[in-house]
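*Asks:* Here you go, one structure.
Each reported figure results from applying straightforward, stated rules to the coordinates on display, with no laboratory input. Bear in mind that the values here come from a model prediction, so they are computed numbers and not experimental data. Reconstructed Cβ throughout: ideal geometry from the backbone, glycine too, with neighbour counts over all protein chains shown.
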Amino acid sequence: MLSDAQWGELEPLIEACRPKAKTPPQELRRTISAILWRHQNGAKWRAIPTELGPWWQAAQIFIRWARAGVWERLLDRVQERGVALGMVFLDGSNVQAHHKAAKGGICGPARRS
């Protein structure tokens, strides 16, 4: 998924931001590709193609790094380099509509003119 040129630019930034564990994640490029694939496709973790590695490994790294603030640090570093980002991520699992939204909203149904 990530080209050699993209990985060449991204790898040093990730290495500067990620937590230094006792053992570095195996196949980091493949895992980052799996995370990007999942977010670009809006799919569930279990839908990640097998060639991108185990889905649970990508999910585990994503969640750990989110809790540790790695993604924010990485975004800051990327923006410092002047890279314009063209992606927006929205995790819909936290977004819920009010039960009255199905009946035209809290203020009643929309009026037609």
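*Asks:* Could you point to the residue in W65, A34, L75 farthest towards the positive end of the stretch 4-85's charge dipole, with +1 and -1 charges on the Cβ of Lys/Arg and Asp/Glu respectively?
*Replies:* W65
*Asks:* A further question follows. To make sure I understand, if each residue's beta carbon is the centre and we count other beta carbons within 10 Å, what order do I63, I14, I32 fall in, fewest to most?
*Replies:* I63, I14, I32
*Asks:* A follow-up question, please. Rounded to the nearest 20 Debye, what is the dipole magnitude of the stretch 4-85 about its Cα centre when Lys and Arg each give +1 and Asp and Glu each give -1 at the C-beta?
*Replies:* Result for the stretch 4-85 is approximately 420 debye, rounded to the nearest 20.
*Asks:* Consider just the alpha-carbon atoms of the stretch 4-85 and return their Rg together with their Dmax, both in angstrom.
*Replies:* Cα radius of gyration and Dmax of the stretch 4-85 are 12.7, 34 Å respectively.
*Asks:* Then there is this: Starting from the 7 Å offset along Cα-to-Cβ, what nm value, one decimal, do you get for the label separation of R81 and I63?
*Replies:* For R81 paired with I63, the spin-label model returns 2.9 nm.
*Asks:* Ok, one more. Write out the trypsin sites (Lys or Arg not before Pro) in the stretch 1-45 meeting two conditions: DSSP loop, and at most 13 other Cβ atoms within 10 Å of their Cβ.
*Replies:* K20, K22, K44
*Asks:* Provide the per-residue ³J(HN,Hα) series for the stretch 67-72, in order, calculated from phi with Karplus coefficients 6.51, -1.76, 1.60 and θ = phi - 60°, each as a whole number of Hz, with x at glycine and proline positions.
*Replies:* 5, 8, x, 5, 5, 5
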